[in-house]
Amino acid sequence: MKSAYSSLPKVIAHRGSSGIAPENTLASLHLAGQQGAKWVEIDVMLSGDGTPVIFHDDSLARTTNGEGLIYKTPLTDLKKLDAGSWKHDKYHQETIPTLLEAIEVISQYGMGLNLELKPCEGLEEETIEASIDVLKQHWPKDLPLLFSSFSYFALVSAKSLWPEIARGYNVSAIPKAWQERLEHLDCAGLHIHQSFFDVAQVSAIKAAGYKILAFTINDEALALNLFDQGLDAVFSDFPDKIQSAIDSAHLK
Ligand code: G3P
Ligand code: CA
């Protein structure tokens, strides 16, 4: 199977097109698709009864009208929550999508998927196993699929359960032992927080054959500057804005 990194675009819609639409909802995925995004990044975790759902936080409070912990709440209760009004009233019908619902929308636009594995601590294996079950049945084989995670155990599970799917290692700062870690986890890319971009480290990482991606960049000038210094791709809440800047600068 071809590594998803071989078709990595310069811009990945972060949590969908989440600068305008509510993050990690079907609305943010539709918007990314309508804006022509090539890939989206979304976060997956388990509902209280074991269904993979698209959500960023452990707590329901920030992005829904619910409260408590997502991994203690069954899917039927999660589905009753409004996951859109916090962003804007017009999104009041948005709910927390299941992974399957997200796949249906993403594939409708022919976009690639970077699925960030965000398991509750201790539920790494269950989360990755359930997500892979859904993906093996429903993700179109001709579209790029990349796993990433901050979680060591999630990446180990992904490698053991579906080794053919490329993996990226999420970190904030670039670890001193980046090469050992990437080799150990068998990851082909390092995804860093943009504030820790360091040109010397980045050139060493690229010279060793790894891709380097940075989150989250919403400023066009910063994106262009980091591309110039070797960055391969950015995660952005405003993918259309960054893509326009790339097009205007005639970057390939
Ligand atoms: O996967 C890149 C980025 O999404 C990681 O940070 O907190 O936005 O999930 P976060
Ligand atoms: Ca994420």
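From the list ASP240, ASP247, the lone residue that is closer than 20 Å to ASN114 by Cα, out of contact with any Cys (no Cβ under 6 Å at 6 or more places or on another chain), charged (D, E, K, R) and not in a loop (DSSP other than H, G, I, E, B) is ASP240. Scanning the stretch 132-145 for residues that are under 21 Å from SER7 (Cβ atoms), surrounded by 15 or more Cβ atoms within 10 Å (Cβ to Cβ) and not aromatic (Phe, Trp, Tyr) returns ILE132, LEU135, LEU143, PRO144, LEU145. Does ALA154 meet the test of being within 15 Å of ligand 1 (Cβ to nearest atom) and crowded, with 17+ Cβ neighbours inside 10 Å? It is true that ALA154 is within 15 Å of ligand 1 (Cβ to nearest atom) and crowded, with 17+ Cβ neighbours inside 10 Å. Answer yes or no: is there a residue in the stretch 68-79 that is without any contact (Cβ under 8 Å) to a residue 24 or more places away in the chain, within 16 Å of ligand 1 (Cβ to nearest atom) and within 23 Å of LEU135 (Cβ to Cβ). Within the stretch 68-79 (the criterion being without any contact (Cβ under 8 Å) to a residue 24 or more places away in the chain, within 16 Å of ligand 1 (Cβ to nearest atom) and within 23 Å of LEU135 (Cβ to Cβ)), the answer is no, since none of the residues qualifies. If the condition is being hydrophobic (A, V, I, L, M, F, W, C) and more than 14 Å from ligand 2 (Cβ to nearest atom), then the stretch 6-28 contributes LEU8, VAL11, ILE20, ALA21, LEU26, ALA27.
Taking the stretch 186-221 as the range and being more than 13 Å from ligand 1 (Cβ to nearest atom), crowded, with 18+ Cβ neighbours inside 10 Å and either part of a helix (DSSP H, G or I) or on the phi > 0 side of the Ramachandran plot (or both) as the test, the residues that pass are GLN201, VAL202, ILE205, GLU220. Looking only at residues of the stretch 162-173 that are crowded, with 18+ Cβ neighbours inside 10 Å and more than 16 Å from ligand 2 (Cβ to nearest atom), we find that the one that is farthest from GLU129 (Cα to Cα) is ALA166.
Restricting PRO74, PRO52 to those that are within 16 Å of ligand 2 (Cβ to nearest atom) and within 15 Å of THR98 (Cα to Cα) reduces the list to PRO52. Any chance the stretch 90-111 includes a residue that's within 15 Å of ligand 1 (Cβ to nearest atom) and either modelled with pLDDT of 95 or more or more than 14 Å from the chain's Cα centre (by Cα) (or both)? Checked the stretch 90-111: at least one residue is within 15 Å of ligand 1 (Cβ to nearest atom) and either modelled with pLDDT of 95 or more or more than 14 Å from the chain's Cα centre (by Cα) (or both). All conditions but one from (1) in contact with a His (Cβ under 6 Å, 6 or more places away or on another chain); (2) in contact (Cβ under 8 Å) with a residue 40 or more places away in the chain; (3) of a type outside the set (S, T, N, Q) apply to ASP82; the one that does not is (2).
The values are calculated or read from the model by the stated rules, or taken from the named source; none is laboratory data. Worth saying up front: this structure is predicted, and the values here are computed from it rather than measured. Using ideal geometry, Cβ is built from the backbone for each residue, glycine included, and neighbour counts are taken over all protein chains shown.
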